[in-house]
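Have a look at the structure below before the remarks.
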Amino acid sequence: MMSQEVIDVLTSNIDTLWVIDCAILVFIMQAGFMCMETGLSRHKNSINVALKNAADFGVSVVIFWIFGFGLMFGTSYNGFFGTDLFFFKTDKAEYMTYFVFQAMFVATAATIISGAVAERMKFNGYLIMTVLATGIIYPIVGHWAWSSSYLSKYDTAQQLLNATNSTGWLSNLGFVDFAGSTIVHSVGGWIALVAVIILGPRIGKYSDANKGKFTGSSFPLAVLGTLILWFGWFGFNGGSNGAMDEVVPLILINTFLAAAFGLLTGLGISYLRYKKPDPFHIILGPLAGLVAITAGCNSMTSVTSIFVGIIGAIIAIVVNEVLNRYEIDDVVGAVPVHLAAGIWGTLAVGFFSDLSILDTGLDRFSQIKVQFIGVLSIGAFTFISSFVILNLFNKFYPLRVSPVQEELGLNIAEHNAVSIEHDLISILDKQSESGDLKIRGPQDPFTAGGVIGLYYNKLMSKLETTEEEKNKWRERISKEVKLAVKVQENFLPKRNLKNYPVHGINIAAREVSGDFFSFYPHNDSIYFIIADVAGKGIHAGMVMAKASTLFEVLSQSKVDPDEMVFHMNNDLNNTKTGGMFVTSIIGEYNLITDEIRWVNAGHQPAIIRDDNGKYNQIESSAPPLGVIKQKDKSIYNVNKMKLNGSRFYAFTDGLSESLNKVGEEIGIEGSIDIIEENYNKDTIKQLDDITKTVISDSKNQSLSDDLTVISIGK
């Protein structure tokens, strides 16, 4: 017979091998997260999502090695955080194994955040958030609950880590979270919630046209990621036991059943709601079941684990709907799955676990009470600390990419993927910083970005010519008149608008300024803008180019007018424009419903002429674009009405500040008189006659400012 010493050595080796194998399974979960997040994100962000999943793993492991492990498992300071074991080093196999397994857990907590903030967060900002999550928040709350009780499986590790002096305050109370429903998953979920609140939703996510849904690049890839996560979860929960003993089979079957019934719950709810299987529900269901059972998989019966998995899936789906109702944009459902289901799973330990297995010495009511204390304390600490730090950081280094970068996609904006759109944005940024008018952008008549580049290059050529003409003052006046006309024409709509009852006209004055209008047609609607940059000359032309580009990009994605104005305002506010701002009216006209909706940002009132010839001025108190950075879009009110034979007019101050025959400004009322005087069912002729009247009435027979007018309606 083998001696007891030999048996202990073999048992120790088996346990070590089991934990190593489980650590490898948890590592495979990183690939699962990558597949799921990439599949649920749009194709233009796939590279960014994949790279974040790889980068956060490396960052989290390094940070955990430097000081995270010490904060979590070092000698305790009053039960709140560890004070040693930094730059962890050992020659003991058991300790090495334990560090590797814990490093996989901290990487999981970081990756949870990645999917929630996908498609609009800067890569560098995400890495900073990873350092915050894995280097500070996760180790501290982990110390509260796991610094001693979790190490009880490792007798030799206890000796190294002085576990008797490393007891966290939650562990002392009797808090139990076996494999991390709260410590890993809810912590990641809380930070993800803070991040998506600070970042705001993706542009157009909740617009009327998109109805709150963006289609991911590949649901099959997302489902593959879900299955990989399911597979890796056996290591996540099984390895948390710390040994290969008779408890492991119970852990594995409970994990398996909770996920399976979670999947069936998601499938059943999707049939009830949509009469067909919804892929997102089928992804949420099993993941929520897995998160929920993680806290008590070693202390519940199989029947109880089924119940926990079902309730976890229901909670995740309900919370996902609540988030969408309040326009909190979580791309992959990280908050519903990891936070909501994680809270439920942790509380379920108190309600349903076998108290003899928990071995906390508490009765049922006391155990439930302690579980609530753990959930609330960890949640409050994580949410408040991450909100304060990230919000403060966001004020000095914006965490979100610009609207143009977001619409082009983070593959281009963050990782230099080759495309005309990316090259054009790079040129715009370089030109804004250097002021070099000789720089030209890429142009291609067969792509949207290339067409913008074509017209932008024309503008820069004219502006460059204007600069050279400064020293030729005798010829400047006559040449700038011709120049301004051509520059402004470059920003007029070049699309076929024959089937749309929209028209516009722009007559340039003596100098290059910032008036422009544009239309962007879709099959059943058309977006429009009329804008006036408060300034003249080269800088006004560059601001006009930026505003025009933003309108083109956002209109393409059918972003609601108020959201469009909100993002344009903040982007222009962040742009160095020499104090210039843009007054604008931006809106959408629906050909099917005959409804027009628009937002007025500091512009002159919109004018509505009904079919009886009566006029109505619709004012706005909203500020111009680019003056102040706005926190939300509520400041920009959306005006809505059905035209029903009425006609919508908007014009710049080139009309209202023009002079009448006696040399006085005509104002808004005078502008209305000119519109009515020249009213014609042929809108093109009417706009042409309006400009002729203004020019004719001016004393010097010329315009003092650009004249821009648009008309919408039959």
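The values are calculated or read from the model by the stated rules, or taken from the named source; none is laboratory data. Just so it is clear, the model here is predicted, and its values are computed rather than measured. Cβ placement follows ideal geometry from the backbone for every residue including glycine, while neighbour counts extend to all protein chains displayed.
The residues in region 311-343 that are farther than 26 Å from Leu221 by Cβ, part of a helix (DSSP H, G or I) and modelled with pLDDT under 95 can be counted, and the count is 1. Within region 646-653, is even one residue in contact with a helix residue (DSSP H, G or I) (Cβ under 7 Å, 6 or more places away or on another chain), among the hydrophobic types (A, V, I, L, M, F, W, C) and over 26 Å from Ser696 (Cα atoms)? No, because not a single residue in region 646-653 is in contact with a helix residue (DSSP H, G or I) (Cβ under 7 Å, 6 or more places away or on another chain), among the hydrophobic types (A, V, I, L, M, F, W, C) and over 26 Å from Ser696 (Cα atoms). In region 612-626, of all residues being under 20 Å from Ala601 (Cβ atoms) and of a type outside the set (A, V, I, L, M, F, W, C), the one that is nearest to the chain's Cα centre (by Cα) corresponds to Gly626. Take the conditions touching a Gly at 6+ places or on another chain (Cβ under 6 Å), surrounded by fewer than 19 Cβ atoms within 10 Å (Cβ to Cβ) and modelled with pLDDT under 95 and apply them to Thr90. Does it pass? Answer is no for this residue. Within region 389-400, the only residue that satisfies the criterion of being exposed (fewer than 12 other Cβ atoms within 10 Å of the Cβ) and either in contact (Cβ under 8 Å) with a residue 60 or more places away in the chain or outside the structural domain of Asn124 (by TED's automatic domain parsing) (or both) is Tyr397. Only one entry in Ser377, Ser353, Ser366, Ser385 is under 21 Å from Ser305 (Cβ atoms), out of contact with any Phe, Trp or Tyr (no Cβ under 7 Å at 6 or more places or on another chain) and not charged (D, E, K, R), namely Ser353.
In the same structural domain as Gly174 (by TED's automatic domain parsing), surrounded by fewer than 24 Cβ atoms within 10 Å (Cβ to Cβ), touching a Leu at 6+ places or on another chain (Cβ under 7 Å) and not aliphatic (A, V, I, L, M): does that describe Ser270? Spelling it out, it is not the case that Ser270 is in the same structural domain as Gly174 (by TED's automatic domain parsing), surrounded by fewer than 24 Cβ atoms within 10 Å (Cβ to Cβ), touching a Leu at 6+ places or on another chain (Cβ under 7 Å) and not aliphatic (A, V, I, L, M).
Selection over region 286-306 of residues that are surrounded by 19 or more Cβ atoms within 10 Å (Cβ to Cβ) and in a helix (DSSP H, G or I) gives a count of 12. Would you confirm whether any residue within region 164-184 is crowded, with 21+ Cβ neighbours inside 10 Å, at positive phi, in the same structural domain as Asn53 (by TED's automatic domain parsing) and modelled with pLDDT under 95? Looking for residues that are crowded, with 21+ Cβ neighbours inside 10 Å, at positive phi, in the same structural domain as Asn53 (by TED's automatic domain parsing) and modelled with pLDDT under 95, one finds at least one in region 164-184, hence yes.
I'm told Ile283 meets every condition in (1) farther than 30 Å from Asn48 by Cα; (2) buried (at least 17 other Cβ atoms within 10 Å of the Cβ) except one. Can you identify the failing condition by its number? The one condition Ile283 does not meet is (1).
Considering region 364-402, the residues that are of a type in the set (D, E, K, R) and in a helix (DSSP H, G or I) include one that is farthest from the chain's Cα centre (by Cα), namely Arg364. Do any strands (runs of 3 or more DSSP E) entirely within region 564-628 hold 2 or more residues that are buried (at least 19 other Cβ atoms within 10 Å of the Cβ), and if so, which? In region 564-628, 582-590, 595-601, 606-609 are the strands (runs of 3 or more DSSP E) which contain 2 or more residues that are buried (at least 19 other Cβ atoms within 10 Å of the Cβ).
Out of all the residues in region 54-69, which are touching a residue at least 60 places away in the same chain (Cβ under 8 Å) and either of a type in the set (A, V, I, L, M) or surrounded by fewer than 24 Cβ atoms within 10 Å (Cβ to Cβ) (or both)? Passing the criteria: Ala55, Val59, Ile63, Ile66, Phe67. In the set (1) in contact with a His (Cβ under 9 Å, 6 or more places away or on another chain); (2) closer than 17 Å to Gly235 by Cβ, the condition left unmet by Asp21 is number (1).
Yes/no matrix, rows are residues, columns are (1) in the same structural domain as Leu199 (by TED's automatic domain parsing); (2) without any contact (Cβ under 8 Å) to a residue 60 or more places away in the chain; (3) within 23 Å of Ala313 (Cα to Cα):
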| residue | (1), (2), (3) |
| --- | --- |
| Leu347 | yes, yes, yes |
| Gln371 | yes, no, yes |
| Ile384 | yes, yes, no |
| Phe387 | yes, no, no |
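Considering every residue within region 650-669, establish whether at least one is over 42 Å from the mean Cα position of the chain (by Cα), closer than 27 Å to Met544 by Cα and buried (at least 21 other Cβ atoms within 10 Å of the Cβ). Yes, there is a match, as at least one residue in region 650-669 is over 42 Å from the mean Cα position of the chain (by Cα), closer than 27 Å to Met544 by Cα and buried (at least 21 other Cβ atoms within 10 Å of the Cβ).
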